[in-house]
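Asker: A single structure is presented below for examination.
Nothing in this text is a laboratory measurement; each read-out follows from the coordinates by a stated rule. Predicted model only: the values in this text are computed from it and were never measured. Because the Cβ atoms are built from the backbone with ideal geometry, glycine has one as well, and the counts that use them run over all protein chains shown.
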Amino acid sequence: MKFKKNFFLLLYGAWSIFLIQGSGFSKPPSHDEFRGAWVPTVVNLSFPSRMGLSAQQQKKEIITLLETARAARLNTLFFQVRPEADTFYNSPSEPWSRYLTGTQGTSPGFDPLQFFIEEGHRRGIAIHAWFNPYRASMNISHPCAFNHVSHKAPQMVCKVGKMLWLDPGNIQAQHYIISVIHELITHYQVDGVHLDDYFYPYPELLEGKKFPDTASYNAYRASGGTDTLDDWRRASVNSLVKNISIMVHQTRPGLLFGISPFGIYTKGAPNNVTAGLDQFHQLYADPLLWMREGWVDYMAPQLYWRDAGPQSFRLLLRWWRSPQVNPRNIPIYPGIALENLTEHHWPVQEIAQQLKIEKAVPTNHHGFILWNIKQLKDNTKGVLSLFRKSY
């Protein structure tokens, strides 16, 4: 009982803590142009290269990634610190990630986030903490540590295909996510907080089934709520985004909060590109609202398509940066898919073209974020050389 009591005090006490807590952290580095790359850790996509490496081997890989970023003239890295409700930093409330050692909850022998921050700042590279707010497990066949949220608070967790997912409509889950982010930014000198595009699961992850949030929605209706299921789901995500923004900016004034949503807002918006996935109606994400309300400091829509095609990079970037869509002139740093050099056999000239387009589309805030740093490290098709020449 004591553990459960303390756990829920953490959930509901986070709000009073962040409203009064000050910060002695320095302001993040400022740059004329925002040039970043994502460092994914889920399923060992870029770091560590495999599970079970020693602390020294992992530190060596971090140095390699930072030196790659510096060689490419980047100034920001987005380090995925919480891939499935487990961590790449020393957390008293969540277990160490299994992608470090192979066993969730086992210490890697050092603090990867702290090492990233120290070595990154030494090289003039800002480090943003990238969170997956809702994903709790990539595969339920992998055992979770005793202090994983699926054991501590199973009422907040849904089974989605082979995965576990925190229920966005569960108020306790919202408070829990906010408390986890608050915990990190009060203990680590990160330069920003970043969320990616995983809100409600992508349709293929549901395996033909509906998201299992009937109990949460029924509780909402029983309390007097009148929203349709779709509107309630969007409102739940909006609530999390708004309250993370409030918490981040009140806890650490000057800390950046950004999101990288799916690159197309919804079918017909914009009307000059072809949309397969409908972000607004299937992921229940409303990034235009987040910009218009000023909840985000920047947006990084994932524009992972070629310029000459039905999802034109150029047309999409113009749309996101247009005053009609973005009246507050929130910085738009497009996500550029280096991964497609191999996944879809792009020539490196496509990346060069997209960099030119980014600079040509009018804005007061130029920049981009690369998916992902692995292709830079491997210098796939000479892409690292391209960045060294371009900047």
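Asker: With θ set to phi - 60° and the Karplus curve 6.51 cos²θ - 1.76 cosθ + 1.60, what are the ³J(HN,Hα) couplings of region 141-153 in order, to the nearest whole Hz, using x for Gly and Pro?
Answerer: Using θ = phi - 60°, the values come out as 6, 8, x, 9, 5, 4, 9, 6, 4, 5, 9, 6, 8 Hz.
Asker: In terms of modelled amide H atoms, which long-range or inter-chain residues lie less than 5 Å from the amide H of residue 158?
Answerer: When sequence neighbours closer than 5 places are left aside, the close amide H contacts are 165, 166, 167.
Asker: Okay, moving on. Pop a pseudo-label 7 angstrom from the Cα along the beta-carbon direction at both residue 223 and residue 364 and give the gap in nm to one decimal.
Answerer: Using points 7 Å along Cα→Cβ, the separation is 3.9 nm.
Asker: Which length gain, in nm to one decimal place, applies between residue 146 and residue 322 when the Cα-Cα distance is subtracted from 0.36 nm times their residue separation?
Answerer: Numbers: separation 176, 0.36 × 176 = 63.36 nm, distance 4.82 nm.
Between residue 146 and residue 322, full extension yields 58.5 nm more.
Asker: Moving to a separate point now. Sequence-distant or interchain residues sharing an amide H contact under 5 Å with residue 336, placed H: which?
Answerer: 369, 370, 371
Asker: Run the helix sum for the chain: -39,500 (n - 2.57) per DSSP H stretch of 4+ residues, divided by residue count, reported at 222 nm to the nearest 500 deg cm²/dmol. Kindly include the intermediate steps, with their values, before the conclusion.
Answerer: Working: 15 runs with 152 residues, N = 391.
Dividing the helical sum by the residues of the chain leaves -11500 deg cm²/dmol.
Asker: Using a basic spin-label model with each label point 7 Å from the Cα along Cα→Cβ, how many nm lie between residue 209 and residue 90?
Answerer: Each label point lies 7 Å from its Cα, and together they span 4.0 nm.
Asker: Okay, next question. Can you put 128, 151 in order, fewest other beta carbons within 10 Å first?
Answerer: Numbers: 128 24, 151 12.
Ordered by Cβ neighbours within 10 Å, fewest first: 151, 128.
Asker: Using 7 Å Cα-to-Cβ label points, what is the residue 43/residue 379 separation (nm, one decimal)?
Answerer: Using points 7 Å along Cα→Cβ, the separation is 2.9 nm.
Asker: Another one. What list do you get for 84, 67 if you sort them by fewest beta carbons within 10 Å?
Answerer: On the way: 84 27, 67 14.
In increasing order of surrounding Cβ atoms, one gets 67, 84.
Asker: Apply the Karplus parameterisation 6.51 cos²θ - 1.76 cosθ + 1.60, with θ equal to phi minus 60°, to every residue of region 254-259 and state each ³J(HN,Hα) to the nearest whole Hz, in sequence, with x for glycine and proline.
Answerer: Each residue of region 254-259 in turn: x, 6, 7, 10, x, 9 Hz.
Asker: Sort 303-314, 338-349, 89-100 by packing, meaning the average of other beta carbons within 10 Å per residue, with the highest value first.
Answerer: Details: 303-314: 17.8, 338-349: 15.2, 89-100: 20.4.
My ranking of the peptides, most packed first, is 89-100, 303-314, 338-349.
Asker: Using the Kyte-Doolittle scale, find the helices of the chain whose mean hydropathy is at least -0.5 and whose Cα atoms extend 27 Å or more along the helix's long axis, counting only whole DSSP H runs. Display every interim value, and only then the final one.
Answerer: Values: long enough: 229-251 (33 Å, -0.20).
Answer set is 229-251.
Asker: Please give the contour-minus-distance gain from residue 123 to residue 63: 0.36 nm per residue of separation, less the Cα-Cα distance, rounded to one decimal in nm.
Answerer: Details: separation 60, 0.36 × 60 = 21.60 nm, distance 1.02 nm.
Computed gain between residue 123 and residue 63 is 20.6 nm.
Asker: Set the Förster radius R0 to 56 Å, insert the Cβ-Cβ distance between residue 171 and residue 388 as r into 1/(1 + (r/R0)^6), and round the FRET efficiency to 0.05. Each step should come with its number before you reach the end.
Answerer: Values: r = 49 Å, r/R0 = 0.87.
Plugging the Cβ-Cβ distance into 1/(1 + (r/R0)^6) gives 0.70.
Asker: Still on this structure, I have one more. Fewest first, what order do 167, 197, 32, 230 take by the number of other Cβ atoms within 10 Å? Mind showing how you got there, number by number?
Answerer: On the way: 167 24, 197 20, 32 9, 230 12.
Placing the least packed residue first, the sequence is 32, 230, 197, 167.
Asker: Here are some values of Cα Rg over 2.2 N^0.38 Å: (1) 1.17; (2) 0.95; (3) 1.00. Which one was computed from this structure?
Answerer: Given (1) 1.17; (2) 0.95; (3) 1.00, the calculated one carries the label (2).
Asker: In this model, which of 59/377; 59/356; 242/267; 60/356; 209/267; 242/356 are farther than 27 Å apart at the alpha-carbon? Mind dumping the intermediate values first?
Answerer: Details: 59/377 15 Å; 59/356 35 Å; 242/267 24 Å; 60/356 33 Å; 209/267 22 Å; 242/356 33 Å.
The answer is 59/356; 60/356; 242/356.
Asker: Could you give the dipole magnitude of region 67-119 about its Cα centre, charging the beta-carbon of Lys and Arg +1 and that of Asp and Glu -1, in debye to the nearest 20?
Answerer: Working: 4 positive and 7 negative charges, 35 e Å.
Using only the charged Cβ atoms, the result is roughly 160 debye.
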